[in-house]
Structure formats: C-alpha cells, structure tokens
Amino acid sequence: CQGENAVPERGAGYNYFDGAEWGEPNLHVGPEDRMGTPSYAPWGPTGEIIAQYRYVAGEGPIYFYKREVKGEGDWTEVELLPPSGCSIVWHALSTSGDENQYIHLLADTYDAEYNGQTNALLYYRSSDGGESWDIFEETIDGLGIDYLPTINHLSYYWANPVGSTIAFTYGFDEWGGKIFKSNDHGDTWEFITVFETLYDPFDPPLNSADFGAGIGSSAIVLDSDGKAHVTFPRSVRIFVEGEINYYPFTDGMIYWNEDMEPLDTATISATTLEYLEEGGNLIGWILGDETYEVPADQPSYASSMCAFPQMSIDANNNIFVAYSSIAPGYSNGLYDYRHIVLNASFDGGNTWAGQEDLNTDLIFIFSECSFPMMAPFIYDHVQLTYQEDNEPGINGWLANHDPVENRIHHMMIEKGTFVNVPQLNAGPSIEVSECYPNPASDNTMIQISLDTDKEVSLH
C-alpha cells in the first residue's frame, strides 16, 4: 500500500471474508516496519498465523503473528532468529495435522554463505505455535551443497497437506524441477524428479543452444491418495558466455503428476508445444490464434506469457488451475493486458475442461490482472483473489510504468462453470528470439522457430 509521501509501505495487509462479506481491512499486521513476503496458514482448531520477514543485514528474523480464532482478537507476535551472520528471507509457510498444530517453514538464508551454499533453504517445524522448534535449520536431502551451489529464491511452494503427508516443489528453472514429500509431517523426506535438464549447476556450460525449461515458479496439490500434481510455466532458456538468459514471451502452462515419467528439455522443447500436447502435459497457452504477435516492448514480468500458476483441489480430486496470461484483443493501444485464466480437470488430470478467461466483462476492458491466489481447497466454489490496475506491466522492480492505484479483487466461481467448456486450439506456432548478442555493432542474430512452413519477413 502507499504510505506517506507516496513511499510504498510493505507488510502483511489482512482482511477476513466470512462467506458472505468482507470486513474492514487491516493494512499492517504487526508493526509498520518494512516487512516482506507475508505467508498465511490456518493454525490450531480455529486460528490463523502469518509469517513475514524483517530484513536487517546479517541478522534479519522472521516474525509470526497468530491468534486462536480467525478474524477475531489481537495478534500475538513470535520471533524466529536466523543463523549467525545471516538473514532469513523469502519464506513459505504451511501447517498440517488434525488441528493444524504443526507449523512448517521454508526460509532462504541471505547475506552470508551457509554450509557451503551462497543461499541455503532451511526447514523448520514447530508444534507449539512457533514458541519452540523441534526441527530447526534443517537442510533437506536433495537441497544441500551436494546438489546445488545456491538456492533459487522464491522457487519453492507448499501443497495443502493430506493427513500426515506434506509436500513442496523446488526449482522448475534451468536446473530442473523436484517435489519434496514427507509422509510423517516432516520427520523424513523423499524427493521426486518432475523434469531434468542436461546441465550441471556446478559446471554450467559457457554457451548452449536454446532449451525448454521452467521459469522458476510452480504450484502443487496432493489428491486424497497423497499423489502429487504439479503445474509450471514453460520457458525457453539459453546460456550465453556463462550467463543464463531466457525468452520472456514463451508460451505454455505444463501439467505433471506422479503417474507420469519425468519430463526433459526435449519434451518441453524450445520450438514447439507439440510434444507436451501429445503427452497430456499441456493445459494452458495464450488465448488467441496462430496469427498473434507480441507487441513491441510488451512488459514481461520477467516471466512467461502464461505465468504465476495456482493450483487447488476438492474432495473428489477435481483439480483447478489458475494463472495470468497475456490476453490478445485487450490493449491500451500500445501493449496487451493480462487476464486471469482458469482450467479444470474432473478425472485426476487425464483430461482438461478448457481454459476460461475470467476477465471478459466490460469492466475489465482496460485491466491488467495478475498475481492470482486460490484458496488451497475447493468446496462449491473456486475462491480466487488477484491484483488489478489499468497499466500493462508492473512498476516494482521492472519499472514498466509509473506507480498507479492497485486493487485486490475477489471472485467466487462455481465449479460447474467448467462443465462442457470446449478446449481451444493451441496458440501461436511461431517463436522469435531476442537479438543476440545485444548490444551489437555490425551484426546480430535472431532465431525464428516455426511448426509449419510460413513466409517470414523482418522489419
């Protein structure tokens, strides 16, 4: 939210929806300091808990704010201190148990090397509301220095627990993607490979060809049997002079579950969606036709054309996926807007009902809709919130436009909305790389990938 003298304030804004209406918003849970990455979970039989970090170089902690009845009463603060010389930031929170008594936290170290890693992902568990931790600063096997020289920030996402089974995703970037699963509330762990690449994070190539991968974000659910289902945006990446680069306007939202073989870069592909479609792994793409062209200088969000996935499930193992996608035909005259898109599977991920654009009403004709969030479990309705403003792109770290007013929308969508929605034909069959090298003086190169023969001209 915007504070004094238009300086952005940052922290956990809170509001409570009782099933019929929203209450009065609380713009700051906890002190009005600069806090980061608020993460929410149910806690106890009827309560709730929020975690957020306060960055102080070399000693920044994570604070928890909890109360025994959701939507009521004062918040109690608990502090979790970092390892010596480090801060802990960019955390993810979850709870499990019959009464949500187990608190699970993943937190990324910052400011100093930890156990040989530039950044390390630490796991914590508490059964008394964060007053003490029976698992403390643990590095889960598969995430330590034997596997990764550093942790990719904000690339880990919890599933809603099922009984004693908890799970989270990690990676889904140039080094592949994994699921980490525990059947005993975090006492022991296994890791499951979702997709793998040809490249070694300890010995990255100097240069490479384009290859299919993820963008670093993902979403996960567990069905009633504890089987994991994952979705993540497709990305095309390339190593150039030892640096990893990506093409921001790559299409495709990918689906995978534990009954499937691991994916690889060839299946994800740098040139086509065909292999993903054949394997039942393609569940989203740009809502347009094959003639769609990305506007020049279109804001990218440092992600893909289908981005920021969310995943939820109901008691019958019906799966729902939401994401933000470029919406051809909705433009401010220069750039295309993003809309929130939903898809659903009513047979455990074998087939998908089809994509539905949630922002086709006239009130959204000049709306940029991004950063969806879904309630982790579905009853009669999909409960969804997202951020909206009137400028394509993001101010934030990319500075695509000047600061504007942002709004948080809430939607309730009946599950039956998805029945008999026709599956749309897969979108663009053309992908155009950025110029490389860039900058250049006399010559530069551009790569064009086509599924079929087409006439191409460059201007």
Revision key, fill the gap. All alpha-carbon distances of the range 277-362, grouped into 5 Å bins from 0, give the whole-percent distribution 3, 13, 22, 22, 18, 11, 6, 3, 1
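Which value does Rg/Rh take for the range 265-307 over its C-alpha atoms, Rh per Kirkwood? The partial results should precede the final answer.
Working: Rg = 12.1 Å, Rh = 12.2 Å.
Over the Cα atoms of the range 265-307, Rg/Rh equals 0.99.
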Check your understanding: When the Cα centres of the range 34-57 and the range 244-278 are compared, how far apart do they sit, in Å?
Key -> 34
Review point. Relative contact order for the chain: what is it in percent, counting Cα pairs under 8 Å that are at least 6 residues apart?
Key: 7
Revision key, fill the gap. Two pseudo-spin positions, 7 Å from Cα along C-beta at THR360 and at ASP98, lie apart in nanometres by 4.7
Review point. Running Debye on the chain with equal point scatterers at the Cα sites and no solvent, what base-10 log of I(q)/I(0) appears at q = 0.08, 0.11, 0.12 Å⁻¹?
Key: -0.47, -0.93, -1.13
Review point. Per the Debye formula with a single identical scatterer at each Cα and no solvent contribution, what log10 I(q)/I(0) holds for the range 340-409 at q = 0.13, 0.17, 0.19, 0.21 Å⁻¹?
Key: -0.49, -0.75, -0.87, -0.98
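Report the Rg/Rh value for the range 211-320, based on alpha-carbon coordinates and the Kirkwood definition of Rh.
Numbers: Rg = 14.9 Å, Rh = 15.0 Å.
Dividing the radius of gyration by the Kirkwood radius yields 0.99.
Contact order normalised by length for the range 264-378, with contacts defined as Cα pairs under 8 Å and 6 or more residues apart; what percent is it? Show your work: numbers first, answer last.
Numbers: 191 pairs, mean separation 27.9, N = 115.
This gives 24 percent for the range 264-378.
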Check your understanding: With no solvent and one point on each alpha carbon, what is the Debye value of log10 I(q)/I(0) for the range 121-223 at q = 0.23 Å⁻¹?
Key -> -1.35
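With N set to the number of residues, divide the alpha-carbon radius of gyration of the range 187-266 by 2.2 N^0.38 Å and report two decimals. Walk me through the intermediate numbers first.
Details: Rg = 14.6 Å, N = 80, 2.2 N^0.38 = 11.6 Å.
That works out to 1.25 for the range 187-266.
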Check your understanding: Which residues in the range 353-389 place their backbone N less than 13 Å from a point set 7 Å from the Cα of HIS409 along the Cα-to-Cβ direction?
Key -> 357-373, 384-389
Practice item. Could you tell me the distance between the Cα centroids of the range 279-298 and the range 362-399, to the nearest Å? Key: 19
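Take TYR63, TYR335, TYR55 and sort them by solvent-accessible surface of the protein heavy atoms, 1.4 Å probe, largest at the top.
TYR55, TYR335, TYR63
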Exercise for review: Report the percentage of all Cα-Cα pairs in the range 1-159 whose separation exceeds 26 Å, rounded to a whole percent.
Suggested key: 29
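The values are calculated or read from the model by the stated rules, or taken from the named source; none is laboratory data. Fair warning: this is a prediction, and the values are worked out from it, not measured in the lab. FYI the Cβ positions are ideal-geometry reconstructions off the backbone, even for glycines, and counts take in every protein chain you see. Ligands, DNA and RNA are stripped out before the accessible areas are found, and what is left, the full protein with its side chains, is counted by its heavy atoms. Shrake-Rupley method; radii C 1.70, N 1.55, O 1.52, S 1.80 Å.
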